[in-house]
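This report concerns only the one structure given below.
The values are calculated or read from the model by the stated rules, or taken from the named source; none is laboratory data. Since we're looking at a predicted model, the values are computed, not measured. In this analysis, Cβ positions are derived from the backbone assuming ideal geometry, glycine residues included, and neighbour counts consider all displayed protein chains.
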Amino acid sequence: MIQKGAEIAPPSGKLGILLPGMGAVSTTFIIGVLAIRRGLGEPIGSLTQLGTIRLGKRTEGRSPLIKDFVPLAGLDDLVFGGWDIFADSCYEAALRAGVLERGLIEALRPEIEQIKPWPGVFDQSYVRNLHGTHVKRGDSKMDLAEQIMEDVRHFQQEQRLARMVAIWCGSTEVFCEAQPVHASVAAFEKGLRDSDPAIAPSQVYAYALLKSGVPFANGAPNLTVDLPAFIELAREHALPIMGKDFKTGQTLMKTIIAPGLKARMLGMKGWFSTNILGNRDGEVLDDPSSFKTKEQSKKSVLEYILQPELYKNLYGNVHHVVRINYYPPHGDNKEGWDNIDIFGWLGYPMQIKVNFLCRDSILAAPLVLDLALFMDLAQRAGMSGIQEWLSFYFKSPMCAPQVYPEHDLFIQLMKLKNTLRYLRGEEQITHLGVEYYEA
Ligand SMILES: NC(=O)c1ccc[n+]([C@@H]2O[C@H](COP(=O)([O-])OP(=O)(O)OC[C@H]3O[C@@H](n4cnc5c(N)ncnc54)[C@H](O)[C@@H]3O)[C@@H](O)[C@H]2O)c1
């Protein structure tokens, strides 16, 4: 348990951000940070850079920027490294991803050409639609984990890093459930030595990074650290862990709209969501087993927000369908359609249609930045284990086994800001509004 207002170590020195998977999201994030440093763009979408936090009573008029309120690493102190199963540099990968304009990529070319991924740990049975060419070879999965640890040690020394954090931005792995090998650290380590097929590549990275003292966040829906062995490992090494699956386009919309409908006690009969996207993520999700991982993550949201067990008449029979189709002409510009069948007073039906023409990686990049900075803050503040206060950023937030995950974006934001207030010894805000009567 963290003490209210406890000492937080200052963010001095360089912060290394390690990214397993250097595709569309990672390159958009890295190039974005470099562009913002040079004044070529603004950090739109980033709570750590633009958000404010109200302190005390409304009459006090205290609303500093979050980055002035808690000691976060500055953008100038960030250094990037990562792994991929293709050897493309950050420059080449960004061109391939086709998210950012060529002019911006060229302007930063000398810097981003230097960012070259280390060979990845890969097993095609976990991502069937990719054929990696830049992969590590080893005698066992433990050997591969040790090679990752060596990459981390080398990067830290070479770049003289004070601290590091890691965020999985690799492809979505096939749907898997927890197996006995994931039940404890001891079982997992034995599994690594025996190259147990139930150990996914993302878990090899997570193990190596946590063993190296690096906090870990998972931006994809695969379980990765949402397993007892990793919760134990994080506790042993006093490290923050979190996941899963960045909450960006359609699910972001869902967690904005659904709490509003529920707040007004409007009923729902169904929610049909479909997406078309044409990036590499879309290609991976075209494989039914990777899609199943994503589908589970996207579908869990509504049930927790609507609480059908408490509101049987309103939400007891919601048909929730999620589809993703790979459609190359759209590239990274995903298009999502939602048809929501709702009902109001006396059961009269109504419909809401949402057509969101979004840019996946443009929405995800600021989340990577915020997660890196908050994860580093959590580490310096001595907060270890599952960081539920960062649920705000995830489609399937990790939580303690005895509670259900919180999906409502507004509750998540309140939890995040109240955690920051608590860390700095400020009163948590309950929005009771009694201050006017107190005077
Ligand atoms: N963009 C979004 O809005 C968003 C939202 C939620 C989740 N995600 C997830 O984030 C991840 C990254 O998305 P993206 O759009 O950048 O995808 P992408 O396909 O452009 O990039 C993923 C990269 O991971 C690499 N990779 C695959 N397996 C690897 C391994 N074992 N080791 C190292 N590298 C590996 C691929 O080669 C690729 O370069 C995906 O899992 C995606 O589902 C993205």
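Right, Gly336: small (Gly, Ala, Ser) and either at pLDDT below 90 or surrounded by fewer than 18 Cβ atoms within 10 Å (Cβ to Cβ) (or both) or not? Full working, then the answer.
On the way: small (Gly, Ala, Ser): yes; either at pLDDT below 90 or surrounded by fewer than 18 Cβ atoms within 10 Å (Cβ to Cβ) (or both): no.
The answer is no for Gly336.
Ile256 falls short on exactly one of the conditions (1) within 20 Å of Thr172 (Cβ to Cβ); (2) within 16 Å of the ligand (Cβ to nearest atom), and that condition is (1).
When Lys312, Lys269, Lys299 are checked against the criterion of being over 20 Å from the mean Cα position of the chain (by Cα) and free of Cβ contacts under 8 Å to residues at least 24 places away in the same chain, Lys312 stands alone in meeting it.
Tell me whether the range 122-135 contains one or more residues that are at pLDDT 95 or above and touching a helix residue (DSSP H, G or I) at 6+ places or on another chain (Cβ under 8 Å). No.
Does Thr59 qualify as being over 30 Å from Thr172 (Cβ atoms), assigned to a helix (DSSP H, G or I) and in contact (Cβ under 8 Å) with a residue 24 or more places away in the chain? The answer is yes for Thr59. Of the residues that sit in the range 166-181 and are in a loop (DSSP other than H, G, I, E, B) and of a type in the set (A, V, I, L, M), which one is farthest from Val79 (Cα to Cα)? Ranking the qualifying residues of the range 166-181, first place goes to Ala178.
Looking at the range 192-238, which of its residues are outside any helix (DSSP H, G or I), away from the ligand (no atom under 11 Å from the Cβ) and more than 18 Å from the chain's Cα centre (by Cα)? Passing the criteria: Asp194, Ser195, Asp196, Pro197, Ala198, Ile199, Ser212, Gly213, His237, Ala238.
Taken as a whole, the structure leaves Ser184 outside the set of residues that are polar (S, T, N, Q) and within 12 Å of the ligand (Cβ to nearest atom). In the range 72-111, what residues are within 14 Å of Ile30 (Cβ to Cβ), away from the ligand (no atom under 13 Å from the Cβ) and not in a helix (DSSP H, G or I)? Hits for the range 72-111 are Leu78, Val79, Phe80, Leu108. In summary, no strands (runs of 3 or more DSSP E) completely within the range 294-379 bear 3 or more residues that are within 16 Å of the ligand (Cβ to nearest atom), assigned by TED's automatic domain parsing to the domain that holds Met265 and over 21 Å from Ile256 (Cβ atoms).
Restricting Gly132, Gly45 to residues that are closer than 30 Å to Lys292 by Cβ, part of a loop (DSSP other than H, G, I, E, B) and either touching a strand residue (DSSP E or B) at 6+ places or on another chain (Cβ under 7 Å) or of a type in the set (Lys, Arg) (or both) narrows the list to Gly132.
Only one of the listed residues (Pro228, Pro180, Pro197, Pro221) is touching an Asp or Glu at 6+ places or on another chain (Cβ under 8 Å) and either assigned by TED's automatic domain parsing to the domain that holds Arg380 or under 22 Å from Ser384 (Cα atoms) (or both). That residue is Pro221. If we keep just the residues of the range 157-180 that are hydrophobic (A, V, I, L, M, F, W, C) and at pLDDT 95 or above, which is farthest from the ligand (Cβ to nearest atom)? Only one residue fits best here, namely Ala162.
Only one of (1) closer than 22 Å to Ala217 by Cβ; (2) away from the ligand (no atom under 15 Å from the Cβ) is not met by Val25, so which one is it? Every listed condition holds for Val25 apart from (2).
Going by what's in this entry, would Ser63 be described as within 16 Å of the ligand (Cβ to nearest atom), closer than 26 Å to Ala378 by Cβ and in the same structural domain as Gln203 (by TED's automatic domain parsing)?
Numbers: within 16 Å of the ligand (Cβ to nearest atom): no; closer than 26 Å to Ala378 by Cβ: yes; in the same structural domain as Gln203 (by TED's automatic domain parsing): yes.
Here the answer is no, as Ser63 does not meet what is asked.
Return yes or no: is Ala73 in contact with a helix residue (DSSP H, G or I) (Cβ under 6 Å, 6 or more places away or on another chain), under 17 Å from Ile17 (Cα atoms), buried (at least 20 other Cβ atoms within 10 Å of the Cβ) and of a type in the set (A, V, I, L, M)? It is true that Ala73 is in contact with a helix residue (DSSP H, G or I) (Cβ under 6 Å, 6 or more places away or on another chain), under 17 Å from Ile17 (Cα atoms), buried (at least 20 other Cβ atoms within 10 Å of the Cβ) and of a type in the set (A, V, I, L, M).
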